[in-house]
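Asks: Please find one structure pasted underneath; my questions will follow.
The values are calculated or read from the model by the stated rules, or taken from the named source; none is laboratory data. Since the structure is predicted, the reported quantities are computational estimates derived from the model, not experimental observations. For neighbour counting, all protein chains shown are included, and Cβ atoms are generated from backbone atoms with ideal geometry for every residue, glycine included. Side chains are part of the model used for accessible areas, which takes the heavy atoms of the whole protein and leaves out ligands, DNA and RNA. Shrake-Rupley method; radii C 1.70, N 1.55, O 1.52, S 1.80 Å.
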Amino acid sequence: MATSFWADPVLEPKRQYRFRLLLKNNNAYTIKSVTNPTVAISSTPHKFLNHTFYYPGRAEWQPIDVTFVDPQNPDQTAKLYAKLRAMGYRSPTSDAKALFGFTKKQATDTLGSVRIQTLGPKEGGGSALAGGQGDLDVIGEWKLWNPFFTNISWGNFSYDSEDLIELSTTIQYDYAEYSGKGAAEELTTGINQD
């Protein structure tokens with residue numbers, strides 16, 4: 001008889017709070033949340049008599065959203081504004097400055113390599129950390145290719161709230177690749193299998 005997943009103490013589900021987003025020149029602790037990559041595959045219909053058949057089309061990767069908290073030091077607002085300027089933005093205060101614009105190279109160089117890492121307990125355990133969690137290890141990783149900001153919001157103020165100021169961004173990219181413990185095995189065994 002198969003052992004139930006929930007009854008097996010060795011099996012560990014992935015947790016939403018165990019992640020790390022690696023961005024160029026950014027402190028990981030300022031990141032509050034990130035969405036994982038999503039791919040949309042278009043379909044083309046073909047009609048024959050009273051039937052419609054669908055064929056897969058192009059894959060289009062959807063943008064991810066990243067939310068930061070804004071500490072005073074380091075000033076995350078200033079860091080994001082510096083990234084906007086590094087992408088090529090200039091305030092149009094003169095004719096010469098109005099000639100500046102964005103290029104894909106500048107925009108993607110500003111973010112560099114963007115990686116979303118899933119963290120989990122090391123196999124075989126390890127020394128106990130605070131809360132008895134044990135050592136964490138990278139168990140999966142998304143790598144975004146040619147990422148750049150398409151939206152930056154510097155949050156809002158409210159006299160009705162004591163919440164931390166949150167900054168939100170949207171990152172577009174050409175495509176993403178996943179690597180993890182089971183990824184290579186799935187690639188070799190999952191193709192053309194029933």
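Asks: Using a simple charge model, +1 on the beta-carbon of Lys and Arg, -1 on the beta-carbon of Asp and Glu, nothing else, what dipole does the chain show about its Cα centre, in debye to the nearest 20? Mind showing how you got there, number by number?
Replies: Working: 19 positive and 21 negative charges, 149 e Å.
Computed charge dipole of the chain: roughly 720 debye.
Asks: May I ask you to derive the relative contact order of region 1-77, considering only C-alpha pairs under 8 Å and at least 6 residues apart, and to give it as an integer percent?
Replies: 27
Asks: Is there a quick way to get the dipole size of region 1-87? I mean about its Cα centre, with the Cβ of Lys and Arg at +1 and of Asp and Glu at -1; what is the value in debye to the nearest 20?
Replies: Numbers: 11 positive and 6 negative charges, 52 e Å.
In debye, rounded to 20, region 1-87 gives about 260.
Asks: Listed here are the pairs K14/K79; K83/K143; K97/K143; which of them are more than 25 Å apart at the Cα?
Replies: K14/K79; K97/K143
Asks: So, one more: Rounded to two decimals, what is Rg over Rh for the chain when you use alpha-carbon atoms and the Kirkwood radius?
Replies: With Rg and the Kirkwood Rh in hand, the quotient comes to 1.07.
Asks: Could you state how much accessible area E60 has, in square angstrom rounded to the nearest 10, with a 1.4 Å probe and all protein chains kept in place?
Replies: Counting only protein heavy atoms, E60 exposes about 120 Å² to solvent.
Asks: First check a/c for region 38-125, with a ≥ b ≥ c the square roots of the eigenvalues of its C-alpha gyration tensor; if it is under 1.5, answer rounded, and if not, answer prolate when a/b is larger than b/c or oblate otherwise.
Replies: Oblate.
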